[in-house]
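Single-structure report; data block below.
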Protein chains: 2
Amino acid sequence: MKTSSKKDLPVSQIRRFLEPGPIVLVSSAWKGKTNIMTMGWHTVMEFEPSRIGCYIWDQNHSFGLIKASKQCAINIPTYDLISEAIGIGNCSGASVDKFAKFALTPVPAQHLDAPLIKECFANFECRLVEFLARYSFFVFEVVKAHVATAPKYPKTFHYRGEGVFMVSGRNVSFRALMKPQNL
Amino acid sequence: MKTSSKKDLPVSQIRRFLEPGPIVLVSSAWKGKTNIMTMGWHTVMEFEPSRIGCYIWDQNHSFGLIKASKQCAINIPTYDLISEAIGIGNCSGASVDKFAKFALTPVPAQHLDAPLIKECFANFECRLVEFLARYSFFVFEVVKAHVATAPKYPKTFHYRGEGVFMVSGRNVSFRALMKPQNL
């Protein structure tokens with residue numbers, strides 16, 4: 001597993017990494033316990049302030065930690081971490097220390113008690129704006145973003161259902177065709 | 001531009017197509033006028049009932065049509081439609097008939113007044129559940145899904161920012177590693 005140096009990214013720009021729809025790892029902490037969950041149901045909601053929305057099932061162990069602490073970190077794994085991401089989704093934080101079991105390194109966040117995951121390409125520190133109970137939907141504000149300095153386009157993985165993942169493919173610029181305000 | 005025959009897909013299974021994060025085309029209609037917009041900020045929120053959430057800026061012409069009609073169709077274009085998707089994002093439905101300008105074929109929906117886009121790989125008929133004004137966020141229920149019979153994994157495109165799109169890459173099955181309830 002590689003780890004690379006990271007830079008601060010303006011939080012208004014995190015959509016570059018979340019908008020393509022990668023599977024993410026959500027880390028959380030409450031009363032001295034940490035957890036990690038694998039998640040695919042998220043969307044960018046705004047870039048100034050920088051907001052992310054995501055659905056978390058109330059039966060997930062992370063649900064309680066995030067709801068109580070009002071915060072989490074959203075970490076983007078690259079394809080070399082797919083076995084860990086699947087393994088994290090297969091077990092419950094109620095009985096497993098996932099950082100230890102999957103040999104992932106917790107790194108202190110700047111604005112959260114929840115740890116960041118060092119081995120992930122990007123780490124977004126998130127504070128809860130509102131929990132919409134009707135939909136089990138969390139609206140977060142991203143207050144700090146750390147992103148690996150290279151590569152520019154990480155190889156992420158995306159869930160297709162039935163156990164199949166799509167690995168991010170080639171990148172093509174259509175910049176010349178687009179209105180500047182749509183970039 | 002190819003069009004292929006479509007089958008009905010159980011609405012509980014549409015997440016297979018939306019969860020990887022493709023750019024979608026949203027079609028709408030109100031008082032005899034139709035429109036199409038290009039959108040990347042969406043998420044699956046539930047599969048039974050089948051719910052999708054998406055952010056739509058109130059300055060988009062489609063915002064008014066969707067809010068008034070309480071419905072839209074979410075259509076998934078494949079990579080051969082990327083020029084059309086960019087062109088649709090570059091102009092406003094206030095002054096342009098986008099079906100005509102981009103030579104797209106409107107197809108009547110079963111449960112909506114909004115037309116489906118024939119050339120898209122998948123068409124999801126959506127009814128508004130709730131509009132969350134604070135976030136300009138629409139929660140839709142998918143009431144009918146039409147999906148091309150082949151290929152199983154369409155070549156979708158995903159936005160990376162700065163005019164760069166990621167084209168969906170190879171598909172790898174990790175089914176044997178996953179808990180059945182996570183499939």
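The values are calculated or read from the model by the stated rules, or taken from the named source; none is laboratory data. Note that the coordinates shown come from a computational prediction; the quantities given were computed from them, not determined experimentally. Cβ sites come from the backbone with ideal geometry, for glycine too, and all protein chains shown count toward neighbours. These accessible areas exclude ligands, DNA and RNA; they are computed on the full protein's heavy atoms, side chains included. Shrake-Rupley method; radii C 1.70, N 1.55, O 1.52, S 1.80 Å.
Look through region A:91-102, keep the residues that are loosely packed, with under 14 Cβ neighbours inside 10 Å and without any contact (Cβ under 8 Å) to a residue 12 or more places away in the chain, and return whichever of them is nearest to B:Q181 (Cα to Cα). By that ranking, first place goes to A:S95. Filter region A:67-81 down to residues that are touching a residue at least 40 places away in the same chain (Cβ under 8 Å) and more than 12 Å from A:E119 (Cα to Cα) and give me whichever is nearest to the other protein chains (Cβ to nearest Cβ). Selected residue: A:I74. Within the option set A:A148, A:A109, being closer than 20 Å to A:L18 by Cα, more than 7 Å from chain B (Cβ to nearest Cβ), surrounded by 15 or more Cβ atoms within 10 Å (Cβ to Cβ) and free of Cβ contacts under 8 Å to residues at least 40 places away in the same chain holds for one residue only, A:A109. A:Y135 fulfils the conditions (1) farther than 29 Å from B:W57 by Cα; (2) of a type in the set (S, T, Y); (3) facing chain B (nearest Cβ under 8 Å) except for a single criterion, (1).
For region A:162-183: of the residues being in a strand (DSSP E or B) and free of Cβ contacts under 8 Å to residues at least 60 places away in the same chain, which is surrounded by the most Cβ atoms within 10 Å (Cβ to Cβ)?
Initial filter on region A:162-183 (in a strand (DSSP E or B)): A:164-173.
Within this subset, residues satisfying the condition of being free of Cβ contacts under 8 Å to residues at least 60 places away in the same chain are A:164, A:166, A:169-173.
Numbers: A:V164: 18, A:M166: 25, A:G169: 17, A:R170: 10, A:N171: 14, A:V172: 15, A:S173: 12.
Among those that are in a strand (DSSP E or B) and free of Cβ contacts under 8 Å to residues at least 60 places away in the same chain, it is A:M166.
In this structure, A:S12 does not qualify as more than 14 Å from every other protein chain (Cβ to nearest Cβ), open to solvent by 10 Å² or more (accessible area, probe 1.4 Å) and of a type in the set (S, T, N, Q). Just to be sure before I move on: is A:T43 under 17 Å from A:E141 (Cα atoms) and either facing chain B (nearest Cβ under 10 Å) or modelled with pLDDT under 95 (or both) in the structure I sent? It is true that A:T43 is under 17 Å from A:E141 (Cα atoms) and either facing chain B (nearest Cβ under 10 Å) or modelled with pLDDT under 95 (or both).
Look at region A:82-95 and say how many of its residues are hydrophobic (A, V, I, L, M, F, W, C) and away from chain B (no Cβ under 13 Å). The number of residues fulfilling the criteria is 1. Restricting attention to region B:29-44, the residues that are open to solvent by 40 Å² or more (accessible area, probe 1.4 Å) and not small (G, A, S) add up to 5. Looking only at residues of region B:51-82 that are over 16 Å from the mean Cα position of the chain (by Cα) and either small (G, A, S) or open to solvent by less than 20 Å² (accessible area, probe 1.4 Å) (or both), we find that the one that is nearest to B:A109 (Cα to Cα) is B:S69.
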